[in-house]
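First comes the structure, then the notes that go with it.
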Amino acid sequence: MKNPVVCLFVLTMLINSCIGTDQLDDPKDPAILVNATSASLEIGNTYQIEATYYYNMWVADESAQLLWRSDDPEVASVNQVGLVTGQSKGQTRISIVYPGEDTTTVTVNVVGDLNDVSEVLISAPSSSLEIGASMQLGLEVYNLGGDPYIGDGDTIWSVSNEHVATIDQDGNLSGVGDGRVDAVATVAGVASEPLPVMVGMQTRTGSFQGVGSYQADGTCELAEADNGDLTLTFSNDFATSFALGTFVYLANTTDGAAVRAQGLELGEITTNGSKFFNVTSKRPETELDEYRYVIILCKPASITFGFADLN
């Protein structure tokens, strides 16, 4: 049998390790979690979206009053408990809001019958593209029954910024200038989720922002050095909340538990000001476009103090 005094001591140390003099004792890292990011249904049918507000990664508030709205109620309406009703053929987004805290969305496709387009998927052979180079994007289209769509409907390709990349109506993407671009394919009025592609960039930058009651300020730059190494630098004005065990990570999420489990740990920090990390020395195969966020994490309790979204 484990000694209860020892267990209590360990638990107390874990809790206190991420409580600094400038933080609240009950850290807030709010999020709304849903049971689906997209849904398809026929006209007249319903779909229940389940959503739960989390005060932080441990605490779910089942009594939180969420607000629900549809971008286009004539395509799909939603009531205030998340029940979506298909009204007419088309695509819309359902927004779930906890005012002042968080918002998440669910894409809803409404079809006339099982043979209509309900899902459009696009893919790329690479997540990056050189300026002046081109690549062919892949396309898969399915009906509501889950079978490949064989009906009529031209594919319309588009990009978010034609100063970064252009795309023809065969899905051929061409790099034009430095930056990040999203490609989208639309078939019979149903759009794919945006596909991000990095074009030509040798550096990516981001500005830090705090999470909840925590502080994070300053900027960072992820860059390829002349020797080929990937490096991360923080600006002189970088400042953050600190606690015992504050670490820097690269990750594709801001959720503390997921960052600790799946992100790339670069090192511990104990002071503000400029910082330098050699990413290649931690993981040689890391690519410039592999991670979206730089995370400041309280590692012992898996709490995100702040993050920078790399552009």
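The values are calculated or read from the model by the stated rules, or taken from the named source; none is laboratory data. What you see is a predicted model; the values in this text were computed from it and never measured. Backbone-built Cβ (ideal geometry, glycine too); neighbour counts: all protein chains shown.
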Take Ile303 and tell me if it is in contact with a Pro (Cβ under 9 Å, 6 or more places away or on another chain) and closer than 17 Å to Ala31 by Cα. yes
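Assess whether Gly189 counts as being more than 25 Å from Thr254 (Cβ to Cβ) and modelled with pLDDT of 95 or more. Break it down stepwise before answering.
Numbers: more than 25 Å from Thr254 (Cβ to Cβ): yes; modelled with pLDDT of 95 or more: no.
Here the answer is no, as Gly189 does not meet what is asked.
Please verify whether Pro4 is at pLDDT below 95, under 30 Å from Leu244 (Cβ atoms) and surrounded by fewer than 14 Cβ atoms within 10 Å (Cβ to Cβ), treating the condition exactly as stated. Break it down stepwise before answering.
On the way: at pLDDT below 95: yes; under 30 Å from Leu244 (Cβ atoms): yes; surrounded by fewer than 14 Cβ atoms within 10 Å (Cβ to Cβ): yes.
Yes, satisfied.
Would you tally the residues in the range 262-296 being assigned to a loop (DSSP other than H, G, I, E, B) and closer than 19 Å to Asp217 by Cβ?
Quick first cut of the range 262-296, residues assigned to a loop (DSSP other than H, G, I, E, B) only: 263, 269-274, 283-292.
In the following step, the residues that additionally are closer than 19 Å to Asp217 by Cβ were identified as 269-274.
Qualifying residue count for the region: 6.
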Go through the residues of the range 272-288 one by one and say whether even a single one is touching a Lys or Arg at 6+ places or on another chain (Cβ under 8 Å), among the small types (Gly, Ala, Ser) and at pLDDT below 95. no
The correct count of residues that are surrounded by fewer than 17 Cβ atoms within 10 Å (Cβ to Cβ) and of a type outside the set (S, T, N, Q) in the range 143-177 is 15
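Of Val248, Val259, which residue is in a strand (DSSP E or B), in the same structural domain as Arg292 (by TED's automatic domain parsing) and at pLDDT 90 or above? Explain how you work it out, then say what you get.
Working: Val259 fails: in a strand (DSSP E or B).
One residue alone meets the criteria, Val248.
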Filtering strands (runs of 3 or more DSSP E) wholly in the range 105-208 for at least 1 residues that are in contact (Cβ under 8 Å) with a residue 40 or more places away in the chain gives 117-123, 134-136, 138-143, 172-175, 179-187, 195-199
Does any residue of the range 50-70 turn out to be modelled with pLDDT under 90 and loosely packed, with under 12 Cβ neighbours inside 10 Å?
yes
Of the residues in the range 213-245, those that are touching a residue at least 12 places away in the same chain (Cβ under 8 Å), in contact with a strand residue (DSSP E or B) (Cβ under 9 Å, 6 or more places away or on another chain) and not in a strand (DSSP E or B) come to Tyr214, Gln215, Gly218, Asp229, Ser235, Asp237, Phe238, Ser241, Phe242, Ala243, Leu244, Gly245
When (1) of a type outside the set (Val, Ile, Thr); (2) free of Cβ contacts under 8 Å to residues at least 12 places away in the same chain; (3) assigned to a loop (DSSP other than H, G, I, E, B) are applied to Ser88, the one that fails is (2)
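Please pick out the residue among Gly138, Gly86, Gly82, Gly100 that is of a type outside the set (A, V, I, L, M, F, W, C), at pLDDT 95 or above and within 28 Å of Ala257 (Cβ to Cβ). Working first, answer last.
Working: Gly138 fails: within 28 Å of Ala257 (Cβ to Cβ); Gly86 fails: within 28 Å of Ala257 (Cβ to Cβ); Gly100 fails: at pLDDT 95 or above.
Within the list Gly138, Gly86, Gly82, Gly100, the selection yields Gly82.
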